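Heads up, the thing below is written out as structure tokens.
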Amino acid sequence: MKHLLSAGDLSRDDALRILDTADELLAVARRPIKKLPTLRGRTVVNLFFEDSTRTRISFEAAAKRLSADVINFAAKGSSVSKGESLKDTAMTLQAMGADAVVIRHHASGAPYRLAHLEWTHGAVINAGDGMHEHPTQALLDAFTMRRHLGDLQGKNITIVGDILHSRVARSNALLLDTLGARVTLVAPPTLLPVGVDTWPVETSYDLDSAVEKSDVVMMLRVQRERMNASYFPSAREYSRRYGLDQARMNRMPDGAIVMHPGPMNRGMEISADVADSVRSVIVEQVTNGVAVRMAVLYLLLGGAAEEGDA
Ligand code: NCD
């Protein structure tokens, strides 16, 4: 595989190869010297057209731990029109010899343009495109689930909240289905996308009954920046029906975990005590993200390095 554009492109074997490689690479993070020479002399460009804390830092740390050269490009504020600016930027990066381009863009499909129109010859990694996909987030989520629950076959994963605007939900639904888990999406009807009936998931409007049979409850941020209308009566009403508080969390089975991709709106979709509780693996998700992104970079670029060197 040359690019990572969609979680749906990964076969079960591909996904397991990435997750198993990440397991080995996580050990590197525990060493005093957290660095491998694997991608020495290779260049990874982080191309971020949209705000990001975790994902961008995570990709940067991952590339640096594999000894790649990292160029961070924050495209915010560009005055050129969208299509042209992306093409021009990509060609500039190509001229600088990017081996991999990690792209986050507000337009769904932007990474596909880079990859399929061959604006870059490097590997393209989708770090979140609009409301479409965020495959490395799904991989780090699956990685974190596996560490707590073992094999995901038959496990019950509940994803709650703003599914409509969430690339995290879509990528998770696709990957978790590939890994054999059962996914339930819980949201108000207004925040479920049209066509969700074609996704490999069940849907529900009732969080209380869903939490009781969940091995994982994954809360999503209400993405106000993508909303152009009113999707629910009030924040208080949303929080009461679709928020995870202590009382709801207590109804989860023993050993079940709480996840959130971040950034969190504490008090909205998740209460502060739940976010900081022993069931919460939210900080661990961030740590695991670096290992998973190392695995992706290693598998996409590792082999090609030898060819290039020869
Ligand atoms: C998510 C994103 O940007 O898609 N966050 C992340 O990458 N960790 C979810 C969000 O913005 O709510």
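The values are calculated or read from the model by the stated rules, or taken from the named source; none is laboratory data. No experiment lies behind these values; they were computed from the predicted model shown. Neighbour counts run over all protein chains shown; Cβ positions are idealised from the backbone, glycine included. Only protein heavy atoms, including side chains, enter the accessible area calculation; ligands, DNA and RNA are left aside. Shrake-Rupley method; radii C 1.70, N 1.55, O 1.52, S 1.80 Å.
Would you please calculate the Kirkwood hydrodynamic radius of the chain over all C-alpha pairs and express it in Å, rounded to one decimal?
On the way: mean 1/r = 0.0503 Å⁻¹.
In the chain this quantity evaluates to 19.9 Å.
P(r) of region 129-179 in 5 Å steps, Cα pairs, percent per bin?
Histogram of Cα-Cα distances, whole percents per bin: 5, 22, 31, 26, 12, 5, 0.
Tally up the carbon and sulfur contribution to the accessible surface of the chain as a whole percent, 1.4 Å probe, everything protein left in place. Intermediate values should be presented prior to the final figure.
Numbers: 6680 of 13630 Å².
It is 49 percent, rounded to a whole number.
Relative contact order for region 68-214 using alpha-carbon pairs under 8 Å, separation at least 6, rounded to a whole percent?
On the way: 213 pairs, mean separation 24.4, N = 147.
Relative contact order here is 17 percent.
Any chance you could give the angle, 0 to 90 degrees and rounded to 10, that helix 282-309 forms with the longest Cα principal axis of the chain?
For helix 282-309, the angle is close to 30 degrees.
Between THR203, THR21, THR92, which gets the highest mean-square fluctuation from a Gaussian network model of the chain, Cα cutoff 10 Å?
THR92
If you fit an axis through the alpha-carbon atoms of helix 54-65 and take the longest principal axis of the Cα set of the chain, what angle between them do you get, 0 to 90°, nearest 10?
Tilt of helix 54-65: around 40 degrees.
Amide H of ALA127: which non-local residues (sequence gap of 5 or more, or other chain) have their own amide H closer than 5 Å, using H built in the peptide plane?
Amide H to amide H, under 5 Å and 5 or more residues apart or across chains, ALA127 pairs with ILE103, ARG104.
Given a 1.4 angstrom probe, what's the average accessible area per residue across the chain, in square angstrom?
On the way: 13630 Å² over 310 residues.
With the other protein chains kept in place, the chain gives 44 Å² per residue.
What distance in nm separates the simple spin-label points at ARG251 and SER209, each placed 7 Å from Cα in the Cβ direction?
With each label point 7 Å from Cα toward Cβ, the separation is 1.1 nm.
List the residues, sorted by chain then number, that are 5 or more residues from ASP162 or on another chain and whose placed amide H is less than 5 Å from its amide H.
So ASP162 has HN proximity to LEU220.
Which distance in Å, rounded to a whole number, links the C-alpha centroids of region 201-236 and region 144-200?
If we compute the Cα centre of each part, the gap is 12 Å.
Quick query: amide H of GLY267 versus all other amide H atoms, modeled in the peptide plane; which residues come in under 5 Å with a sequence gap of 5 or more or a different chain?
ALA272
For the chain, find the longest principal axis of its Cα atoms and tell me its angle to the long axis of helix 167-178, 0 to 90°, nearest 10.
Rounded to the nearest ten degrees, it is 90.
Find how much the distance from LYS2 to ASP69 grows on full extension, using 0.36 nm per residue of separation minus their present alpha carbon separation; answer in nm with one decimal. Walk me through the intermediate numbers first.
Details: separation 67, 0.36 × 67 = 24.12 nm, distance 1.95 nm.
Net length gain for the segment: 22.2 nm.
Per the Kirkwood treatment, what hydrodynamic radius in Å, one decimal, follows for region 9-68 from the mean inverse distance over all distinct Cα pairs?
Computed over region 9-68, the radius equals 13.1 Å.
If the limit is 26 Å between Cα atoms, which of LYS2/LYS87; LYS35/LYS87; LYS2/LYS35 go over it? Walk me through the intermediate numbers first.
Numbers: LYS2/LYS87 20 Å; LYS35/LYS87 33 Å; LYS2/LYS35 24 Å.
Too far apart for the 26 Å limit: LYS35/LYS87.
Pulled fully out, how much extra length does the chain show between ARG17 and LEU36, if you take 0.36 nm times their separation in residues and subtract their Cα-Cα distance?
On the way: separation 19, 0.36 × 19 = 6.84 nm, distance 1.90 nm.
Full-extension gain reported as 4.9 nm.
Calculated from DSSP H runs of 4 or more alone, at -39500 (n - 2.57) each and per residue, what is the 222 nm mean residue ellipticity of the chain, nearest 500? Walk me through the numbers on the way to the answer.
Values: 11 runs with 127 residues, N = 310.
-12500 deg cm²/dmol, from helical runs alone.
State, as an integer percentage, the relative contact order of the chain based on alpha-carbon contacts under 8 Å between residues 6 or more apart. Please list the in-between numbers first.
Details: 579 pairs, mean separation 64.0, N = 310.
21 percent.
Once region 1-126 is represented by equal point scatterers at the alpha-carbon sites, with solvent omitted, what log10 I(q)/I(0) does the Debye formula produce at q = 0.11, 0.14, 0.18 Å⁻¹?
Taken in order of the listed q values, log10 I(q)/I(0) reads -0.40, -0.65, -1.05.
Using only the Cα atoms of region 135-281, construct the convex hull and provide its projected area averaged over every direction, in square nanometres to one decimal. Write out the running numbers ahead of the final one.
Details: hull surface 31.6 nm².
Averaged projected hull area, Cα only: 7.9 nm².
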